[in-house]
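Novice: My questions all concern the structure below.
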Amino acid sequence: MTKAKKSLVCWALLSPFLLVVLFPYATMLSTSLKQKDEIFTFHRTWLPRELYLGNFAELIFEKGFGRALANSLAISVGATVLSLAVAIPAAYALTRMRVPGKGALTNYLLITQMISPIVLIVGLFRMFAYFGLVNSLLSVIIAHSAFFMAFAVWMLQSYFATIPKDLEEAAWIDGAGRFSAFIRVFLPLCLPGIVVTAIFTFVNSWNEYAMSLTLLRQVTQQTAPVQIAFLTGTLYQIEWHLIMAATLLASVPVAIVFASIQRYLIGGMALGGVK
Amino acid sequence: MPGIEKTAPRRALSAGRSSKMGLPGPAFALILIAPCLLLSVAVIGYPIFDVIRMSLFDVSRTGVVREFSGLANFAKAFADPVFLQAARQTVIWTVCVVAGTLLVSVPIALILNEDFYGRTIARTIVLLPWAISLAMTAVVWRYVVNGDFGTLNMTLAALGLPFENYPWLADARMAFLIEILIGILVSVPFTVTILLGGLTSIPESLYEASAIDGAASTRSFYYITLPLLWPFMQIALVLNVIYVFNSFPIIWIMTNGGPANRTDILITYVYKQAFAFGKLGNAAAGSMVMFAILLVFAIVYLFLTRAQGAKNDD
């Protein structure tokens with residue numbers, strides 16, 4: 001079979017699934033460019049009447065969706081920074097030093113990763129309430145970091161292990177301290193791994209729903225996913241044209257970033273998953 | 001990971017060297033790990049303790065922990081028909097989504113492992129659902145299957161099919177089925193990723209050898225691909241069971257457990273008990289049941305990966 005023929009067969013076999021994946025995107029795009037009267041009518045079509053961008057403007061300027069995006073951004077950046085700040089030293093110690101109780105620690109981190117925050121949401125809510133952090137973005141930043149950090153440690157470890165030790169040792173022999181060898185030699189070498197881990201953490205935090213829903217109880221603090229879900233529940237007539245515009249705004253940039261790192265995930269995930 | 005094995009003897013060597021340089025080895029390592037451990041114990045460990053405590057005590061609506069009540073909260077939960085119904089539905093939900101995910105993912109991973117034109121694009125599209133918030137996926141699908149204004153009925157009607165105003169989410173069975181299908185859709189990317197990792201680890205030389213021996217490609221699939229892929233399928237199976245069992249946004253946003261609790265699963269039940277009805281003791285007992293089940297899955301996972309790791313070391 002020639003490659004061209006094989007390609008045709010592969011695409012044909014994949015097409016039903018690809019169609020289901022792309023259907024919601026087509027829906028988002030088509031609906032967000034429509035005007036209200038085009039949705040609530042009997043004769044609906046896929047193509048909007050014109051390229052109408054008013055939904056996006058209304059969303060940002062009148063519905064306060066810009067603030068939801070800003071909240072999401074603040075939380076995701078905060079959670080990424082905090083989880084990397086604790087995960088990088090831990091992963092470094094786990095790959096480069098003798099750690100007492102290493103097996104137990106790795107297993108503990110693995111188990112925390114399997115517990116859904118929602119199973120503990122009552123306890124989580126009470127704890128943050130005790131510290132007066134409910135309705136503060138900080139609570140979600142801390143909660144996200146704690147739940148996404150184990151995975152960051154895991155991914156970083158598999159990258160750190162691929163960096164040859166000789167380079168750092170050479171730097172020590174040249175008189176550099178362990179810390180400056182870490183900063184000048186080690187970190188630049190694992191920068192790609194750190195970037196992939198950071199992006200993955202960012203996307204996870206950006207997309208998280210249940211903790212943000214529970215810990216932030218004021219409309220002004222809602223993150224993008226929470227506000228979008230909130231918009232479907234409050235109105236008598238759900239304004240789908242605005243909601244689809246909102247999902248498009250909140251998902252396409254993240255999807256593009258995620259797509260850019262997907263090939264790094266395929267190798268790393270499998271290694272981490274099996275070992 | 002092969003990298004770790006290779007550095008293991010050297011690690012012992014450098015530990016000696018670093019203590020010569022005056023750096024305390026294990027103590028310093030623990031200092032590096034401390035922030036990570038502290039964050040995790042405070043934010044995950046303490047709530048576990050708190051939920052255990054609440055499940056065993058009488059708790060007021062406002063969350064005041066009163067006297068010890070033994071297993072009364074558990075007895076109450078198990079006597080609640082909605083809890084039992086949610087538990088049954090959790091089993092259906094988890095089994096259907098996980099089985100469906102594997103059935104769809106294995107062929108997709110096998111195709112994506114072939115060399116064909118546009119493979120990168122196909123791979124990107126397949127992984128796309130992973131990049132989007134489950135909450136937003138649920139919102140978009142809720143609109144897609146909307147009876148009066150949704151794009152599914154619009155498309156079906158345009159194709160001449162009689163689904164003009166069919167309300168997909170009004171019937172509990174149909175709603176649950178749609179939620180299961182969406183659950184499969186969002187679980188496929190992660191599963192395909194794990195399986196692709198497994199497929200790329202199979203050395204090409206094995207296939208070449210079997211081709212030289214005159215084996216047909218179906219035979220090499222049964223005798224090479226499947227056995228070598230099996231450990232990755234096990235891992236994907238257990239991780240998916242854990243994730244799906246825990247999955248909240250799809251059901252919460254699409255049907256909120258309704259109509260009449262017929263799409264509720266344990267996690268939506270627990271959430272409603274706590275945040276809609278203020279029955280914190282009940283919610284904590286439900287959480288503990290889920291936590292115990294999750295722990296069993298987690299141990300199965302550790303067991304599987306350890307067995308796999310031991311095999312790799314041989």
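Novice: Does B:Ile44 count as out of contact with any Gly (no Cβ under 9 Å at 6 or more places or on another chain), at the interface with chain A (Cβ under 7 Å from one of its Cβ atoms) and under 30 Å from B:Arg173 (Cβ atoms)?
Specialist: Working: out of contact with any Gly (no Cβ under 9 Å at 6 or more places or on another chain): yes; at the interface with chain A (Cβ under 7 Å from one of its Cβ atoms): yes; under 30 Å from B:Arg173 (Cβ atoms): no.
No; evaluated as a whole, the condition is false for this residue.
Novice: Do you know which of the residues in the stretch B:47-65 that are part of a helix (DSSP H, G or I) and more than 30 Å from A:Lys102 (Cβ to Cβ) is farthest from the other protein chains (Cβ to nearest Cβ)? Spell out the reasoning first.
Specialist: Going residue by residue through the stretch B:47-65, those that are part of a helix (DSSP H, G or I) are B:47-56.
With more than 30 Å from A:Lys102 (Cβ to Cβ) added as a condition, the list becomes B:53-56.
Numbers: B:Arg53: 9, B:Met54: 7, B:Ser55: 10, B:Leu56: 13 Å.
This residue is B:Leu56.
Novice: Assuming B:Gly257 fulfils every condition listed in (1) assigned to a helix (DSSP H, G or I); (2) surrounded by 20 or more Cβ atoms within 10 Å (Cβ to Cβ) apart from one, which condition is it?
Specialist: The number of the failed condition is (1).
A quick yes/no check of all residues on (1) over 28 Å from the mean Cα position of the chain (by Cα); (2) surrounded by 15 or more Cβ atoms within 10 Å (Cβ to Cβ):
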| position | (1), (2) |
| --- | --- |
| B:Ile31 | yes, no |
| B:Ala42 | no, no |
| B:Phe83 | no, yes |
| B:Arg88 | no, no |
| B:Ser105 | no, yes |
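Novice: Right, here's the next one. Taking the criterion of being more than 15 Å from A:Trp240 (Cα to Cα), modelled with pLDDT of 90 or more and not small (Gly, Ala, Ser), would at least one residue in the stretch A:25-36 satisfy it?
Specialist: No, because not a single residue in the stretch A:25-36 is more than 15 Å from A:Trp240 (Cα to Cα), modelled with pLDDT of 90 or more and not small (Gly, Ala, Ser).
Novice: Within the stretch B:291-299, is even one residue more than 10 Å from every other protein chain (Cβ to nearest Cβ), within 17 Å of B:Ile178 (Cβ to Cβ) and at pLDDT 90 or above?
Specialist: There is no residue in the stretch B:291-299 that is more than 10 Å from every other protein chain (Cβ to nearest Cβ), within 17 Å of B:Ile178 (Cβ to Cβ) and at pLDDT 90 or above.
Novice: I've got another one for you. So A:Leu73 clears everything in (1) touching a His at 6+ places or on another chain (Cβ under 8 Å); (2) over 30 Å from B:Leu181 (Cα atoms) except one condition, right? Which one?
Specialist: (1)
Novice: Of all helices (runs of 4 or more DSSP H) completely enclosed by the stretch B:66-177, which ones contain at least 2 residues that are more than 30 Å from A:Ile39 (Cα to Cα) and free of Cβ contacts under 8 Å to residues at least 40 places away in the same chain? Steps first, please.
Specialist: Working: elements: B:72-79, B:81-112, B:119-131, B:134-144, B:151-158.
Qualifying helices (runs of 4 or more DSSP H): B:72-79, B:81-112, B:119-131.
Novice: So which residues in the stretch A:122-149 are within 7 Å of another protein chain (Cβ to nearest Cβ) and closer than 22 Å to A:Thr220 by Cβ, if there are any at all?
Specialist: Of everything in the stretch A:122-149, those that are within 7 Å of another protein chain (Cβ to nearest Cβ) and closer than 22 Å to A:Thr220 by Cβ turn out to be A:Leu124, A:Ile142, A:Ala143.
Novice: Kindly state which helices (runs of 4 or more DSSP H) lie completely within the stretch A:155-255 and contain at least 3 residues that are within 30 Å of A:Gly132 (Cα to Cα). Walk me through how you get there before you give the answer.
Specialist: Values: elements: A:165-173, A:178-181, A:187-207, A:210-215, A:224-234.
Hits in the stretch A:155-255: A:187-207, A:210-215, A:224-234.
Novice: Also, I was wondering about something else. Would you confirm, using the coordinates I've provided, whether A:Val20 is among the β-branched types (Val, Ile, Thr), over 20 Å from A:Val252 (Cβ atoms) and part of a helix (DSSP H, G or I)? Write out each step before concluding.
Specialist: Numbers: among the β-branched types (Val, Ile, Thr): yes; over 20 Å from A:Val252 (Cβ atoms): no; part of a helix (DSSP H, G or I): yes.
Spelling it out, it is not the case that A:Val20 is among the β-branched types (Val, Ile, Thr), over 20 Å from A:Val252 (Cβ atoms) and part of a helix (DSSP H, G or I).
Novice: Being at the interface with another protein chain (Cβ under 7 Å from one of its Cβ atoms) and either surrounded by 16 or more Cβ atoms within 10 Å (Cβ to Cβ) or among the basic types (Lys, Arg) (or both) is the filter here, so list the residues in the stretch A:32-49 that pass it.
Specialist: A:Ile39, A:Arg44
The values are calculated or read from the model by the stated rules, or taken from the named source; none is laboratory data. Computed from a predicted structure; not experimentally measured. Counting neighbours? That spans all protein chains shown, and the Cβs are built from the backbone with ideal geometry, glycine included.
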